[in-house]
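Working notes, beginning with the structure itself.
The values are calculated or read from the model by the stated rules, or taken from the named source; none is laboratory data. In this text the structure is predicted, and so the values were computed from the model without any measurement. Don't worry about glycine lacking a Cβ; one is built from the backbone with ideal geometry, like all the others, and counts go over all protein chains shown. For accessibility, only protein heavy atoms count, side chains too; no ligands or nucleic acids. Shrake-Rupley method; radii C 1.70, N 1.55, O 1.52, S 1.80 Å.
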Amino acid sequence: MDIALTEARAAGARGEVPVGAVIVGPEGVIAQAGNRTRELNDPTAHAEILAIRAACAVLGQERLAGYDLYVSLEPCPMCAAAISNARIARLYYGAGDPKSGGVAQGPRVFAHPQCHHRPEVYDGIAAKDSEQLLSDFFAARR
């Protein structure tokens, strides 16, 4: 989660919402990313999506069975669907997202009957650090 938080800080420094993600497998860290929606003018360039794309490229496959995803903020519904489609084994996230979350809040993508794969989910990992990053980021913009 420390690497995800480092990616989140870097995203915040770029003017992006400070969210970071890391994909880890038996060989260690294989991909990491921070939000880049503004930089890339791409609404899908969330940290999770970018990390999943990078991991799949490194491995040369479209599925990440047996891999873990660490992300500083609860994934949104789009990212939760991508996590399911990528067959991520375990999801670890920091802060919950009552406004835009898609795992424990809102649509609860993994609980939906049409969800084909449900990763193990562990929440609250370094949540206070993640929450503080987000609070500081948005307070500076008000």
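A few remarks follow.
- Close pairs from the stretch 26-53: first surrounded by fewer than 19 Cβ atoms within 10 Å (Cβ to Cβ), partner in a helix (DSSP H, G or I), Cβ under 6 Å, at least 6 apart: 43/37; 45/37
- Test result for residue 66, part of a loop (DSSP other than H, G, I, E, B), out of contact with any strand residue (DSSP E or B) (no Cβ under 7 Å at 6 or more places or on another chain), at pLDDT 95 or above and at positive phi: no
- Qualifying residue in the stretch 61-70 (condition: free of Cβ contacts under 8 Å to residues at least 12 places away in the same chain, of a type in the set (Asp, Glu) and open to solvent by 30 Å² or more (accessible area, probe 1.4 Å)): no
- Test: residue in the stretch 75-87 that is farther than 20 Å from residue 31 by Cβ, more than 10 Å from the chain's Cα centre (by Cα) and assigned to a loop (DSSP other than H, G, I, E, B): no
- A count restricted to the stretch 1-45 and to residues that are among the small types (Gly, Ala, Ser), in a strand (DSSP E or B) and either farther than 17 Å from residue 83 by Cβ or within 13 Å of the chain's Cα centre (by Cα) (or both) stands at 6.
- Among the residues listed as 95, 104, 89, the single one being at pLDDT 95 or above, touching a helix residue (DSSP H, G or I) at 6+ places or on another chain (Cβ under 8 Å) and open to solvent by less than 60 Å² (accessible area, probe 1.4 Å): 95
- Among residues of the stretch 119-142 being surrounded by fewer than 15 Cβ atoms within 10 Å (Cβ to Cβ) and not small (Gly, Ala, Ser), the one that is farthest from the chain's Cα centre (by Cα) is 142.
- Subset of the stretch 88-142 (residues that are assigned to a helix (DSSP H, G or I) and within 19 Å of residue 70 (Cα to Cα)): 109, 110, 127, 128, 129, 130, 131, 132, 133, 134
- Scanning the stretch 73-86 for residues that are closer than 13 Å to residue 121 by Cα and crowded, with 21+ Cβ neighbours inside 10 Å yields a total of 5.
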